[in-house]
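The values are calculated or read from the model by the stated rules, or taken from the named source; none is laboratory data. Owing to the predicted nature of the structure, the values given are computational and were not obtained by experimental measurement. A quick note on method: Cβ atoms are made from the backbone with ideal geometry, for glycine too, and the neighbour counts reach across all protein chains shown. Surface areas here come from the heavy atoms of the whole protein model, side chains and all, with no ligands, DNA or RNA. Shrake-Rupley method; radii C 1.70, N 1.55, O 1.52, S 1.80 Å.
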Amino acid sequence: MPGPLDGVRIVDLSAVIAGPMATGMLADQGAEVIKVEPLGLGDLCRWLGPNRNGLGAMFAAVNRNKRSIALNLKDEKAKAVLRELLKDADVFVQNFRPGAIDRMGFGYEALRKDHPGLIYVSMSGFGQDGPYAKRRVYDPVVQAISGFADSQADVKTGEPRLIQTIACDKVTAITAAQAITAALFARARGAGGQHVTLTMIEATLAFLWPDAFYNHALLDSEAPPSPDFASFYGIMATKDGFVTTITISDDEFRDCCRALGRPDIAADPRFKDIVSRMANAAALKAAFAEAVATFTTADVRARLEAEDAPHAVVLTRAEVPSDPQIVHNGSLIVTDHPAAGRLREAVPAAKFAATPSSLRRHAPLLGEQTDEILAELGRSPAEIAALRAAGAAG
């Protein structure tokens, strides 16, 4: 059975992570995604991280199940090809800096008359206008401005820290993928095409708001600020490794204390209920850390597991693929890429019983399907050769 988005055609001009990851999720779910890349280096994400024979690991993770056509969109002949691709497109995605797509002749207003059913998606860092609109934007920039870095501040020094993954890019990608499917659903119910705009800053704020900003939400409250929710949990050192545990309910708290052989922690009035434990989170974390440090990792894991207390051993990234639950779930697979060789990949996260996601295509090399796509548009071999010779396609 094909995936749930089988029959949906996406023309994707986005690059790096947020846009390609969004369309990559939809490609996994069955959408046909045509990735339009510039000649030369193509999507710069191809060259980030380890690379083998022109395919980077980061690029491969978010661009599988797509076809790549390389076009020089400064050339009118290439623009004509893009217009042909858009004739049958359901979704158009771009994340150029504000104003760039309009200057190319492919802004929303330029397309909507001829493509009334098109879902047109504009992704940007801060928006199409405003004081930051023209800035170059990458994930750390948004982490800094959104409060993400402050929410990761060192507990002792207060020094802000960047989270060590491109979280803002990825949460924007997830937001975009959901927005695209929502717009397609609305179109199916008669709403027609529409312009969907989203920014990294707003996607990140929405992601952070429930916990990282809860002290900035109740504007009429006179109560003192609560400790950050993140202060309620952390990494604790054992004799030979690291574990984490978090207890929300009273039962979980008592189970954890019993597992660690510390009934005195459970009896401490500072920790009598969830409100008290949150107010005294630093003291509670210190008490748990002191207890955990007396055990080996294997011992503390066995103790916490016996009491059904929430916990986990902290794995290195090298250990993750062999974790028994990840192995049992089949969460990671190894495929053979014709250029890069064996490639370990994460499977699509959402499982559809009736319309399963699938890995149908390897991540493309730059322009790998240029000739194939041009032929589908009716271009003859001679015409394709002429486009290449003119530097319009490659």
Original post:
Using only Cα atoms, what Kirkwood radius does region 1-75 have, in angstroms?
Top reply: 12.6
Subject >> Protection proxy ranking of 164-174, 341-351 - average other beta-carbon atoms within 10 Å, highest first >> reply: 164-174, 341-351
Original post:
When the Cα centres of region 218-279 and region 14-76 are compared, how far apart do they sit, in Å?
Top reply: 44
Original post:
Given 10 Å bins starting at zero, what is the percent of C-alpha pairs of the chain in each, up to the one with the largest pair distance?
Top reply: 4, 18, 25, 23, 16, 9, 4, 1, 0
Original post:
Got a number for carbon plus sulfur as a percent of region 24-116's accessible area, 1.4 Å probe?
Top reply: 55
**OP:** Report the net charge of residues surrounding V171, where surrounding means a beta-carbon distance below 15 angstrom and charges are Lys +1, Arg +1, Asp -1, Glu -1.
**Re:** -3
Original post:
Which listed residue (A267, N280, F253) has the Cα farthest towards the positive end of the charge dipole for region 229-295, taking +1 on Lys and Arg C-beta and -1 on Asp and Glu C-beta about the Cα centre?
Top reply: N280
Subject >> Cα long-axis angle, helix 18-28 against the chain (0 to 90 degrees, to the nearest 10) >> reply: 80
Original post:
What's the center-to-center distance, using Cα atoms, between region 190-215 and region 357-392 in Å?
Top reply: 35
**OP:** Just order 61-72, 250-261 by mean Cβ neighbour count inside 10 Å, highest at the front, would you?
**Re:** 61-72, 250-261
Original post:
Considering only DSSP beta bridges with both partners in region 1-118, what is the antiparallel share in %, to the nearest 5?
Top reply: 15
Original post:
Roughly to the nearest percent, how much of the accessible area of region 260-394 is carbon and sulfur, given a 1.4 Å probe?
Top reply: 57
**OP:** Name the shape class, rounded, prolate or oblate, that the alpha-carbon gyration tensor gives for region 267-332, where a ≥ b ≥ c are the square roots of its eigenvalues, rounded holds for a/c under 1.5, and otherwise prolate holds if a/b is larger than b/c and oblate otherwise.
**Re:** prolate
Original post:
K87: which lysines have alpha carbons under 25 Å from its alpha carbon, excluding same-chain residues fewer than 8 sequence positions away?
Top reply: K35, K66, K74, K77, K79, K113
Original post:
So how far, in whole Å, is the C-alpha centre of region 121-183 from the one of region 280-326?
Top reply: 31
**OP:** Based on the mean of other Cβ atoms within 10 Å per residue, sort peptides 235-242, 185-192 so the most packed one is first.
**Re:** 235-242, 185-192
Original post:
What whole-number value in Å² describes the accessible area per residue of the chain for a 1.4 Å probe?
Top reply: 53
